[in-house]
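Okay, structure first, notes after.
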Amino acid sequence: MTEVLHVDPEHPDPETIERAAAIIRSGGLVAFPTETVYGLGADATNEDAIRKVFEAKGRPADNPLIVHIDGRRMLSLVAREVSPAAERLIARFWPGPLTLVLQRAGTVSASVSAGLPTVAVRMPGNKIALEMIRRARTPVAAPSANTSGRPSPTRAEHVMSDLGGRIDLILDGGNTLIGVESTVLDMTCEQPVMLRPGWITREALAEVIGPIGEPASVEEQKRSPGTRYRHYSPRARMIVVEKSTPEFIRKLCSEALAGGPVGFIGHTPIRIDDDRFTSVVLGEDPKAYASQIYSALRELDEKRPALIVVEGICDAGEGAAVMDRLRRAASEILTTDGHR
Ligand code: TXA
Ligand code: MG
């Protein structure tokens, strides 16, 4: 049985949070909101609890977890060396959607990092999350609280639909603020490398610590195993269209209707006179996309469509995080000129 408790995001009820913290301390699993997406939390120092996280999600054992902390003091339990550059980023961006990969300290269970000598760590910008970690008095390992491969959860109902019956508790704090996962930055190389784009942009990081590198090789990509799998995906076939026209999208959707219901998510209103066509129109800005894309994908997926078409946005600034997720979720990427 999975219990659901509502929590006021601004004034989390101490008794409810204590209950969640007690479950974490005793080796159980608690889903909780962060400012990005919901996480599936477990005591990062408890090997058994970590095994349960991988099991509940169906997550490949070689994909390491992010450890969540409540402040600078807990960081010393998790990471061994914190460089001056990392310190500057922490001062500027924590609490917030920036995950730093650092050298792992001994208290963190090795399976959290899938055996890597490093650990990914962040301090979430969410009162419910911070209070729960503080009361648990232990670092909390938490991947996104979805079944492995599916869109990340931005509402408690999404967690329930994926993990109901497999975890102890869901803290329901309503919609998450940002909607896409944190930026992951590897601080263990000569030049810091961005392993996953997120709401904290490359430009914002560079302002604080200078140029940020790209994962140069397959070897470097391997350091963030999570980026290798198809991810964030609906069950339906999904096509992302980039640099396209309303006519192109309309034609694509109309033709696909021959095969069954079709869903569309985009910023261009597309009208097709067929009740098997469902469209979700979002603002063109990255903020609108980020906060609604995962719930829109889940909503359309429920209609068991033959195809979901998603219109891309500009791949710059915060848009880079959105487009990264869309491309990974896609079965296919199209432009008006045809295949990429
Ligand atoms: O916003 C977020 O980061 C959310 C919330 C819950 O905090 N969490 C999240 O976790 O997205 P998850 O497990 O879905 O993604 C973790 C990513 C994966 O791509 C994984 O490969 C990478 O972080 N990662 C974790 N530990 C790593 C390490 N030691 N070295 C390199 N990459 C690592
Ligand atoms: Mg995830």
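The values are calculated or read from the model by the stated rules, or taken from the named source; none is laboratory data. Keep in mind that what you see is a predicted model, and the values were worked out from it rather than measured. When we count neighbours, we look across all protein chains shown, and the Cβ atoms used for this are built from the backbone with ideal geometry, even at glycine.
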Where residue 263 falls short, out of the listed (1) under 22 Å from the mean Cα position of the chain (by Cα); (2) under 25 Å from residue 158 (Cβ atoms): (1)
Candidate set from the range 35-71 (those that are among the β-branched types (Val, Ile, Thr) and within 12 Å of ligand 2 (Cβ to nearest atom)); member that is nearest to residue 147 (Cα to Cα): 53
Any hit, the range 108-119, residues being part of a strand (DSSP E or B) and either within 16 Å of ligand 2 (Cβ to nearest atom) or touching a Ser or Thr at 6+ places or on another chain (Cβ under 6 Å) (or both): yes
Which numbered condition residue 137 fails, given (1) under 20 Å from residue 119 (Cβ atoms); (2) modelled with pLDDT under 95; (3) charged (D, E, K, R): (2)
Number of the exception - residue 254 against (1) without any contact (Cβ under 8 Å) to a residue 24 or more places away in the chain; (2) in contact with a Cys (Cβ under 8 Å, 6 or more places away or on another chain): (2)
Residue match in the range 309-329 (condition: more than 26 Å from the chain's Cα centre (by Cα), under 30 Å from residue 202 (Cα atoms) and surrounded by fewer than 17 Cβ atoms within 10 Å (Cβ to Cβ)): no
Near pairs, Cβ below 8 angstrom, 6+ apart or cross-chain, from the range 100-124 (in the same structural domain as residue 9 (by TED's automatic domain parsing) and under 13 Å from residue 141 (Cβ atoms)) to any residue that is among the basic types (Lys, Arg) and in a loop (DSSP other than H, G, I, E, B): 104/80
Residue within the range 171-194 that is crowded, with 22+ Cβ neighbours inside 10 Å, within 19 Å of residue 20 (Cα to Cα) and either modelled with pLDDT under 95 or not β-branched (Val, Ile, Thr) (or both) present: yes
Test: residue in the range 283-302 that is under 23 Å from residue 37 (Cα atoms), of a type in the set (Asp, Glu) and part of a helix (DSSP H, G or I): yes
Test: residue 269 is loosely packed, with under 15 Cβ neighbours inside 10 Å and without any contact (Cβ under 8 Å) to a residue 60 or more places away in the chain: yes
Every pair of residues 6+ apart whose Cβ atoms lie under 7 Å, when the first sits in the range 217-246 and is under 16 Å from residue 264 (Cα atoms) while the second is among the hydroxyl-bearing types (Ser, Thr, Tyr) and modelled with pLDDT of 95 or more: 246/268
Residue that is farthest from ligand 2 (Cβ to nearest atom), among those in the range 198-210 that are assigned to a loop (DSSP other than H, G, I, E, B) and crowded, with 20+ Cβ neighbours inside 10 Å: 201
Filter result for the condition that a residue is of a type outside the set (A, V, I, L, M) and within 17 Å of the chain's Cα centre (by Cα), over 157, 81, 131: 157
